[in-house]
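Just so it is clear, none of the values below were taken in a lab; they were calculated from the coordinates. Here the structure is a predicted model, which means the values were calculated and not measured. Quick reminder, even Gly has a Cβ in these numbers, built from the backbone with ideal geometry, and neighbours come from all protein chains shown.
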Amino acid sequence: MRASLAITIVIYAFGLALWSAAQAVLRGSDPANGRGRASEIGRAAMWVLQAGLVIQAVLEGVSLAAGRRPADMATHLSYLAASVILLPLFMAVRRDRQTSTGFLESIACAAAAVVALRLQATSGVPHA
């Protein structure tokens with residue numbers, strides 16, 4: 001199940017990254033364009049992605065508490081922490097910016113996808 005969740009998160013995050021990049025291109029460089037309905041949808045979609053990453057982190061935490069140990073614990077815990085911290089950190093930076101952040105959203109979503117994939121890869125659980 002964790003592998004399915006990780007794949008779902010990766011596909012969703014890359015899809016959201018592509019959508020954010022497309023919105024950034026369509027909006028242009030006008031900061032006023034970043035305050036519309038598409039921006040609200042993007043923000044909500046980012047929170048859905050964050051919820052998926054938190055669920056994945058909770059499942060990994062339960063698995064670690066149950067006694068499963070990955071080969072490289074430090075790397076695995078680093079990816080686990082990054083998966084939970086990455087998007088809220090981006091949202092905090094986004095609030096402080098006055099310009100359109102569509103490309104930054106794309107980068108944050110792609111980074112979240114990579115972190116979710118690496119978290120699954122370092123878990124030591126067969127991919128099935």
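Any chance you could tell me what percent of the C-alpha pair distances in region 2-122 go past 19 Å?
The proportion of pairs with Cα distances above 19 Å equals 46 percent.
Could you give the length gained by full extension between Ala22 and Val58, i.e. 0.36 nm per residue of separation minus their alpha carbon distance, to one decimal place? Mind dumping the intermediate values first?
Working: separation 36, 0.36 × 36 = 12.96 nm, distance 3.19 nm.
Roughly 9.8 nm would be gained on extension.
In whole percent, what relative contact order does region 2-122 give with Cα contacts below 8 Å and a gap of six or more residues? Could you put the intermediate results ahead of the total?
Values: 111 pairs, mean separation 61.5, N = 121.
Across region 2-122, relative contact order equals 51 percent.
Cβ neighbours within 10 Å, averaged per peptide: list 71-79, 53-61, 102-110 in order, most packed at the top.
Numbers: 71-79: 14.4, 53-61: 17.6, 102-110: 20.4.
Result, highest mean Cβ count within 10 Å first: 102-110, 53-61, 71-79.
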